[in-house]
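S.K.: Handing you this structure, nothing more for now.
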Amino acid sequence: MSDYGKPLEKGQVLVVCAPSGTGKSTLVKMLRAEFPQVGFSISCTTRKPREGEVDGRDYYFLSKKEFIARRDRGEFAEWAQVHDNFYGTPRKPVEDMLMKGTDVLFDIDFQGAVQLQETMPEGLFVFLMPPSYEDLSNRLRSRGSDDEEVIERRLKNARLEMAAAAKFEYWIVNDDLDRAYGELRSVYLAGKTRRCSRPGLLENILSTWD
Ligand code: ADP
Ligand code: 5GP
């Protein structure tokens, strides 16, 4: 059998976005466990590391001054202020991975995802939704990491983000975790068959007629 498709795949961009507390980290973790070959865009942030987080693995932890200097040098593919801290996606590693044919997964906020849609329109942009206000509220509380004021702010933000869900092509409701994960992996796998992910494939096969 010929290896017609093998070297021709182009790395694809997969952006998963969700109101805080929906289950994005949980689902992204599942996807990374099943597809360890997928590259992950490690963001820069000005927030302090949480327990167990490693600089260069989870984030690049920067001072505000350093972050602003890098931003002003145009080093970020997108950046945003999220909950009083700055977050940004370093452009170069993403470009390098895509050039090599590696798919890249982004765990970024709503503002960042909308910015990437401008520069990477061929990306797969997935919006995860909680099944209801009540479920989201319970998940934020059960996580136990935020006080009541922060939870209220997140619930308000969630309402605004949900109202703009039409900016995203793929909608997944995270009600049952396994079902939601099944949909996320289907989006990822289907994306690999898109015409734009397979440059040269048709020409290669057609050349076998010559
Ligand atoms: P996010 O990254 O979107 O802020 P997390 O992945 O931290 O959200 O999930 C928030 C909480 O909801 C966690 O306690 C997680 O275990 C829980 N959770 C995630 N998905 C589901 C689900 N489908 N059903 C019930 N609880 C869930
Ligand atoms: P956390 O501080 O909990 O790790 O992340 C807070 C929020 O910032 C999450 O919604 C996460 O997806 C988002 N985030 C992480 N990295 C980036 C980034 O590089 N750019 C943007 N715009 N958001 C990010």
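S.K.: Just give me the residues in the range 108-131 being away from ligand 2 (no atom under 13 Å from the Cβ) and either more than 17 Å from Leu98 (Cβ to Cβ) or of a type in the set (A, V, I, L, M) (or both), in sequence order.
M.R.: Result: Met120, Leu124, Met129, Pro130, Pro131.
S.K.: Also, quick follow-up: For the range 138-157, indicate whether the set of residues that are within 25 Å of Phe76 (Cα to Cα) and over 15 Å from the mean Cα position of the chain (by Cα) is non-empty.
M.R.: Yes, some residue in the range 138-157 is within 25 Å of Phe76 (Cα to Cα) and over 15 Å from the mean Cα position of the chain (by Cα).
S.K.: Right, next: Given the conditions (1) over 18 Å from Gln111 (Cβ atoms); (2) touching a residue at least 40 places away in the same chain (Cβ under 8 Å); (3) of a type in the set (A, V, I, L, M), which single one is not true for Ala69?
M.R.: (2)
S.K.: Of the numbered conditions (1) among the aromatic types (Phe, Trp, Tyr); (2) without any contact (Cβ under 8 Å) to a residue 60 or more places away in the chain; (3) within 14 Å of ligand 2 (Cβ to nearest atom), Trp209 fails exactly one; give the number of that condition.
M.R.: In the conditions (1) among the aromatic types (Phe, Trp, Tyr); (2) without any contact (Cβ under 8 Å) to a residue 60 or more places away in the chain; (3) within 14 Å of ligand 2 (Cβ to nearest atom), Trp209 misses (3) alone.
Okay, residues lined up against (1) within 16 Å of ligand 1 (Cβ to nearest atom); (2) buried (at least 18 other Cβ atoms within 10 Å of the Cβ); (3) hydrophobic (A, V, I, L, M, F, W, C):
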| residue | (1), (2), (3) |
| --- | --- |
| Gly56 | no, no, no |
| Phe61 | no, no, yes |
| Arg73 | no, no, no |
| Phe86 | no, yes, yes |
| Gly112 | yes, yes, no |
| Leu116 | no, yes, yes |
| Met129 | yes, yes, yes |
| Tyr133 | yes, no, no |
| Leu136 | yes, yes, yes |
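S.K.: Mind listing just one residue for me: the one in the range 165-210 that is surrounded by 15 or more Cβ atoms within 10 Å (Cβ to Cβ) and among the hydroxyl-bearing types (Ser, Thr, Tyr) and, of those, farthest from the chain's Cα centre (by Cα)?
M.R.: Ser197
S.K.: Separate question: In the range 181-210, which residues are closer than 22 Å to Val114 by Cα and within 16 Å of ligand 1 (Cβ to nearest atom)?
M.R.: Residues satisfying the conditions are Glu183, Leu184, Arg185.
S.K.: Determine which member of the set Pro121, Pro93 is within 25 Å of Ser186 (Cα to Cα), surrounded by fewer than 17 Cβ atoms within 10 Å (Cβ to Cβ) and away from ligand 1 (no atom under 16 Å from the Cβ).
M.R.: Going through Pro121, Pro93 in turn, the sole match is Pro121.
S.K.: May I pose another question? Quick one: in the range 148-180, which of the residues that are within 11 Å of ligand 1 (Cβ to nearest atom) and not in a helix (DSSP H, G or I) is nearest to Val16 (Cα to Cα)?
M.R.: The residue in question is Ile172.
Any read-out appearing in this document is the output of simple, stated calculations on the displayed coordinates, not a laboratory observation. Everything numeric in this text was worked out from a predicted model, so none of it was measured. Ideal geometry is used to build each Cβ from the backbone, glycine not excepted, and the neighbour counts take in all protein chains shown.
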